[in-house]
Amino acid sequence: MVEPKQSVVLVTGSARGLGLACARRLFEGGARVHVVWRSGPAAPRGLVETFGPKRVHRADLEEPGAAVALVDAVAKVDGGLDRLVHAVGPYHEGRLDERTPAGGAGEVAAQMWSGNVATAIATFDAARPHLRAASAGAAVFFGVAGLAGLRARRDCAVYAAAKSALLVLVRSWAVEEGPFGVRVNAVSPGVVPHDDAHPATLDPKLLARIPAGRTGRPEEIADAVEWLLGPRSAHVTGVDLPVAGGWML
């Protein structure tokens, strides 16, 4: 459970998938959770019913000024913000020498940087004053299993490179924000099938490479995020926590 119970948490990328799983877990723990959806004429079904109309926001965090407007909206409703979960991050699969409808490696790299790194920078910059004011603020960003080993990637090198850059930022923010009582960490899922996951997560070949013998579950990612935000991890900062059953070791 995230303490205190009245913590104000912003979970980006929370209209579906792992972000939504995290938002639900934190909400169940008593936090005032703000969720975000990006596109479509209306919020995804169930968000308003679960989190309340004032805590459901529409934002495209790749647009200039969107992160500031989002954080301002959260603070207007609940008077501040002391927890941030940034679950935004598009995925791309493909070799470096292949061209896809998304373009070549250069074009894809720009897209991966914008979605995975630039949105994180903008969102943390917007949230930072509020996290500092909370005196015990915390933020969690989403990486991907295997970053610590700096391993070569055959099919998702550009994506992994963007997530590696994000991990450097997470550790740098942890150093910068430590004196202000703000902790910054990353959670790095492995293979976690869910309704909105990339089809590659269902590849049976992946299962054979997971030492734990099974894929992960969304609730296990949510458990890790809840712990990283909570008081039991009060002396944990700058950490990349893999939740992957040993995959990519």
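The values are calculated or read from the model by the stated rules, or taken from the named source; none is laboratory data. Owing to the predicted nature of the structure, the values given are computational and were not obtained by experimental measurement. We place every Cβ from the backbone using ideal geometry, glycine too, and count neighbours over all the protein chains shown. Quick note on the areas: whole protein, heavy atoms, side chains included, nothing else; ligands and nucleic acids left out. Shrake-Rupley method; radii C 1.70, N 1.55, O 1.52, S 1.80 Å.
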Test: residue in region 143-157 that is β-branched (V, I, T) and in a loop (DSSP other than H, G, I, E, B): yes
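Matching residues to (1) open to solvent by 30 Å² or more (accessible area, probe 1.4 Å); (2) in contact (Cβ under 8 Å) with a residue 40 or more places away in the chain; (3) hydrophobic (A, V, I, L, M, F, W, C):
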| site | (1), (2), (3) |
| --- | --- |
| A145 | no, yes, yes |
| K163 | no, yes, no |
| E176 | yes, no, no |
| I221 | no, yes, yes |
Failed criterion for D203 (all others in (1) among the acidic types (D, E); (2) without any contact (Cβ under 8 Å) to a residue 12 or more places away in the chain; (3) touching a helix residue (DSSP H, G or I) at 6+ places or on another chain (Cβ under 9 Å) hold): (3)
Subset of region 80-95 (residues that are modelled with pLDDT of 90 or more and either more than 17 Å from D125 (Cβ to Cβ) or in contact with a His (Cβ under 8 Å, 6 or more places away or on another chain) (or both)): G80, L81, D82, A87
Qualifying residues in region 126-142 (those that are assigned to a helix (DSSP H, G or I) and closer than 17 Å to G238 by Cα) - the one least open to solvent (accessible area, probe 1.4 Å): L131
Strands (runs of 3 or more DSSP E) wholly inside region 3-90 that include at least 3 residues being β-branched (V, I, T) and closer than 28 Å to A162 by Cβ: 8-12, 32-37
Restricting region 104-125 to residues that are modelled with pLDDT of 95 or more and farther than 21 Å from P242 by Cβ, the residue that is surrounded by the fewest Cβ atoms within 10 Å (Cβ to Cβ): D125
Single match in V33, V88, V74, V68 (criterion: open to solvent by 20 Å² or more (accessible area, probe 1.4 Å) and in contact with a strand residue (DSSP E or B) (Cβ under 8 Å, 6 or more places away or on another chain)): V88
Test: residue in region 36-48 that is in contact with a helix residue (DSSP H, G or I) (Cβ under 6 Å, 6 or more places away or on another chain) and open to solvent by 30 Å² or more (accessible area, probe 1.4 Å): no
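Does region 202-241 hold any residues that are farther than 21 Å from T12 by Cβ and either among the charged types (D, E, K, R) or not in a loop (DSSP other than H, G, I, E, B) (or both), and which are they?
Of everything in region 202-241, those that are farther than 21 Å from T12 by Cβ and either among the charged types (D, E, K, R) or not in a loop (DSSP other than H, G, I, E, B) (or both) turn out to be L202, D203, P204, K205, L206, L207, R209, R214, R217, P231, R232.
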